[in-house]
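J.: Here it is: the structure, laid out below.
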Amino acid sequence: MDDRKHIYVVGLDDFHLEHLKTVRGSEGYLFHPLAEYSAIVLPERYDIPAILDHARQTLDLAPRVDAIIGHWDFPTTSIVPVLRREYGLPTPSLESILLCENKYWNRLACEASVPECTPPFQAIDPYGEDPLGALKLGYPFWLKPAVAFSSLLGFRVEDDAQFQDAIAAIAQGIPTFAEPFQAFTDLVENPKRLPRTGSGATALAEGIIQGRLCTLEGYVYNGEVVTYAILDSLRGANQVSFVSYQYPSSLPIPVQERMKDYARRLLTHIGLDQTAFNMEFFWDEDVDKIWLLEVNPRISKSHCPIFEIATGSSHHEVAIDVSLGRRPQFPRAEGRFPMAAKFMPRVYGDARVLRIPDPAQIHALQLTHPELSIHIAVAEGMQLSELRGQDSYSYEIAELFIGGEDEQHLHDKFRTIMRQLDFRFSAPLPTNY
């Protein structure tokens, strides 16, 4: 009799299947795809009823359903609790997930539970008669959709003209997320737990926060909030586009402990349980001020290869353990390097891609750097502006995961590898490498 656990993974692709296989005890798991990747990762439209029905058909035919997990952004994060609830698995409530996904609702929860690290904020109706007239925050501030991801439709606004341009862009693009978000709010069991204001079609204006950015990775198990790792997030000169994620964090331990306490207070207030999470904070070193940026009710998939290099296993292990109803035992110091990072080579400006590295080049680099993992996001002949899911200021042409002895070693290795990969474009443009 095959007693392996059947783990269903929303939007599973080959890249993440390989990371799932690195977890301790993976020989005891069978990983199955659940919901089409193309339906949940950057489709033209998120058809939530169709996605859920397709997933139910798969699960109804399954020999057994031991766990359902996901590592993508919205709507995956909301699909998982709906299906776990229906199939009797340990799950966070859908309401608690939506309180994380809606950035305005999450700011209301932050204001109630951790006001000392919550920036000034305001909801703006992008379809109102006079959005500018309703504005109360002073410039500058960030303006973004209440429901979105990866800085999509996020703008730094410094005057009335920029506000009008940004709110128009948000009004045009926000239905992509507002419509599926409403589909999930219709499925909640306790709607009184959700705020009465601020739907998925809301824009969020919030004060500028700054400092050293980091991400807490953790989980909530039977109501206990546990942070098991902190990674530094380095951004470019525009303070928007990410350059790298690095583990472990170099922040002072007392600062890390304060962040962990804020995470515990917020997630307890929201009622989040039985899930992995990641949470982003700024530490303004000059004034010793901590700001909470956002919380995501999932592991950060971008960190999986980082943990493999530095600890020997992807933190998919955490998501699997919690979904199976058991306490994770992660991380362990079993990696190949004391530090690891994900680098995001970016181009600042539009151009046509003339050359990308071929497989032989990449293989030769991996002989020199066995831990190196590369995912190329562009193709020869394409225009950079054809890339989807980018921030408003740059184009991410690839992802590189490498290990190093220290931070300087990591960044030197990144620049050396990018020179050898030899990407070429139709015009000379600034890059971060």
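J.: Suppose each label sits 7 Å from its Cα in the direction of the beta carbon; what would the Asp286-Glu179 distance come out to in nanometres?
T.: Label at Asp286, label at Glu179, 4.5 nm between them.
J.: Over the alpha-carbon set of the chain, divide Rg by the Kirkwood Rh and report the Rg/Rh ratio to two decimals.
T.: 0.94
J.: Show which aspartates and glutamates lie in cross-link reach of Lys192 when reach means a straight Cα distance below 12 angstrom and same-chain residues fewer than eight apart are skipped.
T.: Partners found: Glu95.
J.: Tell me, what is the FRET efficiency for Asp53 and Glu405 to the nearest 0.05, using R0 = 41 angstrom and their Cβ-Cβ distance as r? It would help to have the intermediate numbers written out before the result.
T.: Details: r = 51 Å, r/R0 = 1.24.
About 0.20, to the nearest 0.05.
J.: Rank by packing, highest mean first: peptides 172-183, 314-325, with packing defined as the count of other Cβ atoms within 10 Å averaged across residues. Intermediate results must be reported in sequence, preceding the final value.
T.: On the way: 172-183: 18.7, 314-325: 24.3.
Result, highest mean first: 314-325, 172-183.
J.: How large, in Å, is segment 339-425 by the Kirkwood hydrodynamic radius built from its alpha-carbon pairs?
T.: On the way: mean 1/r = 0.0736 Å⁻¹.
Hydrodynamic radius (Kirkwood, Cα pairs) of segment 339-425 is 13.6 Å.
J.: Could you pull out every one of the lysines with an alpha carbon less than 30 Å from that of Lys342, ignoring same-chain neighbours closer than 8 positions?
T.: Counting by Cα, and skipping residues close in sequence, Lys342 has these lysines nearby: Lys21, Lys103, Lys144, Lys260, Lys289, Lys301, Lys413.
J.: Cα centroid distance between segment 1-74 and segment 342-386, in Å?
T.: Segment 1-74 and segment 342-386 have Cα centres separated by 28 Å.
J.: Show me the ranking of peptides 199-207, 344-352, 415-423, 100-108 by mean Cβ neighbours inside 10 Å, starting with the highest. Intermediate values should be presented prior to the final figure.
T.: Working: 199-207: 21.8, 344-352: 18.9, 415-423: 15.6, 100-108: 23.4.
Per-residue mean Cβ counts within 10 Å order the peptides as 100-108, 199-207, 344-352, 415-423.
J.: Also, I was wondering about something else. Please compute the Kirkwood hydrodynamic radius of segment 40-119 from all pairs of different C-alpha atoms, in Å with one decimal. Write down the numbers at each step before the final one.
T.: Numbers: mean 1/r = 0.0697 Å⁻¹.
That comes to 14.3 Å for segment 40-119.
J.: Mind giving me the nanometre distance, one decimal, between the label points for Val240 and Phe337, set 7 Å out from Cα along Cα→Cβ?
T.: The two pseudo-label positions are separated by 2.9 nm.
J.: Are there any GluC sites (Glu not before Pro) in segment 344-386 that are in a DSSP loop and have at most 14 other Cβ atoms within 10 Å? List them by number.
T.: Within segment 344-386, the qualifying GluC sites (Glu not before Pro) (loop, at most 14 other Cβ atoms within 10 Å) are Glu380.
Bear in mind these aren't lab numbers, they're just calculated from the coordinates by the rules spelled out. As the structure is a computational prediction, the values presented were derived from the model and not from experiment. Quick reminder, even Gly has a Cβ in these numbers, built from the backbone with ideal geometry, and neighbours come from all protein chains shown.
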